[in-house]
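The block underneath contains the structure these notes are about, expressed in structure tokens.
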Amino acid sequence: LRRLEAEAIRDSILAVCGQIDLTLGGASVSVNANDEGKAVVGGAARDAMRRSVFIQVQRNLPLNTLATFDQPVMDPNCEFRQLSTVATQSLWFLNDSLIVQHAEDLAKLLIALDENAPGERMRRLYERLFAANITEKQRKMCQEFLARQTEWFRNDPDPSWQKVLEQSPGQAERRAFASLCQTLLASNRFLYVD
């Protein structure tokens, strides 16, 4: 049992969300600091979806996503990768704006495919993330999670969110499904191979 490498984690997330750009060749994709000082893939929006092998490596500005999951430290060179399992990796899956956006993209993709079939949506989600069929026990756990999350989002007292719900009542269910996608993306089953 081993965890995927940093680059494979990033590429897998982009792939399951339907966002990965598989274009071969070309210039490397730059890494820049955003307004918060966090290292992010720079350049055009399309470049941000390129495979990790095309991302520029800067010793003084490692890409946040890759550095969190043990991107090789190139100072002065890398003979082998350090592997760790630390709290910051789980926190990245919980809080990073990129993973939240990718989970929302995945949810939108699956909802568009199965607008009127939530059960089919969960089957496709498991196939996409784990290349496996969902069991009845897993389906039940997911349905319970969705019910709790939907209720929580419906009762969120934030006035701006309540206004969104008034205009589009189905947003609580959509947000709950995106939350399920985010949770499963963070699971060991997605991150580890046997």
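The values are calculated or read from the model by the stated rules, or taken from the named source; none is laboratory data. Quantities reported herein were computed from a predicted structural model and do not represent experimental measurements. Positions of Cβ are backbone-derived with ideal geometry, glycine not excepted, and every protein chain shown enters the neighbour counts. Only protein heavy atoms, including side chains, enter the accessible area calculation; ligands, DNA and RNA are left aside. Shrake-Rupley method; radii C 1.70, N 1.55, O 1.52, S 1.80 Å.
When the stretch 111-148 is filtered for residues that are under 25 Å from SER12 (Cα atoms), charged (D, E, K, R) and part of a helix (DSSP H, G or I), the ones remaining, listed by number, are GLU120, ARG121, ARG123, ARG124, GLU127, ARG128, ARG139.
For the stretch 82-108, the set of residues classified as among the small types (Gly, Ala, Ser) and modelled with pLDDT of 80 or more consists of SER90, SER97, ALA103, ALA107, listed by residue number. Scanning the stretch 57-69 for residues that are assigned to a loop (DSSP other than H, G, I, E, B) and either free of Cβ contacts under 8 Å to residues at least 12 places away in the same chain or under 19 Å from GLN101 (Cα atoms) (or both) turns up ASN60, LEU63, PHE69.
Candidates are the residues of the stretch 21-39 that are in contact with a strand residue (DSSP E or B) (Cβ under 8 Å, 6 or more places away or on another chain) and not in a strand (DSSP E or B); the one that is nearest to ILE111 (Cα to Cα) is THR23.
Being in contact with a helix residue (DSSP H, G or I) (Cβ under 7 Å, 6 or more places away or on another chain) and either over 30 Å from GLU5 (Cα atoms) or hydroxyl-bearing (Ser, Thr, Tyr) (or both) holds for only one residue in ALA172, ALA147, ALA132, ALA186, and it is ALA172. Mind checking whether some residue in the stretch 62-81 is modelled with pLDDT of 85 or more and under 23 Å from GLU5 (Cβ atoms)? No, the stretch 62-81 has no match at all. Counting only helices (runs of 4 or more DSSP H) wholly contained in the stretch 149-194, the ones carrying 1 or more residues that are of a type outside the set (Phe, Trp, Tyr) and touching a strand residue (DSSP E or B) at 6+ places or on another chain (Cβ under 7 Å) occupy 188-191.
Report yes if some residue within the stretch 110-117 is at pLDDT 75 or above, farther than 15 Å from ALA178 by Cα and either within 17 Å of the chain's Cα centre (by Cα) or open to solvent by less than 30 Å² (accessible area, probe 1.4 Å) (or both); otherwise report no. Looking through the stretch 110-117, none of the residues is at pLDDT 75 or above, farther than 15 Å from ALA178 by Cα and either within 17 Å of the chain's Cα centre (by Cα) or open to solvent by less than 30 Å² (accessible area, probe 1.4 Å) (or both). Answer yes if at least one residue in the stretch 171-180 is free of Cβ contacts under 8 Å to residues at least 12 places away in the same chain, over 14 Å from the mean Cα position of the chain (by Cα) and surrounded by 12 or more Cβ atoms within 10 Å (Cβ to Cβ), and no otherwise. No - not one qualifying residue is present in the stretch 171-180.
Residues in the stretch 41-56 include none that are in a loop (DSSP other than H, G, I, E, B), open to solvent by less than 20 Å² (accessible area, probe 1.4 Å) and touching a residue at least 60 places away in the same chain (Cβ under 8 Å). When the criteria are applied in full, LEU129 fails the requirement of being at pLDDT 85 or above, surrounded by fewer than 18 Cβ atoms within 10 Å (Cβ to Cβ) and within 14 Å of the chain's Cα centre (by Cα).
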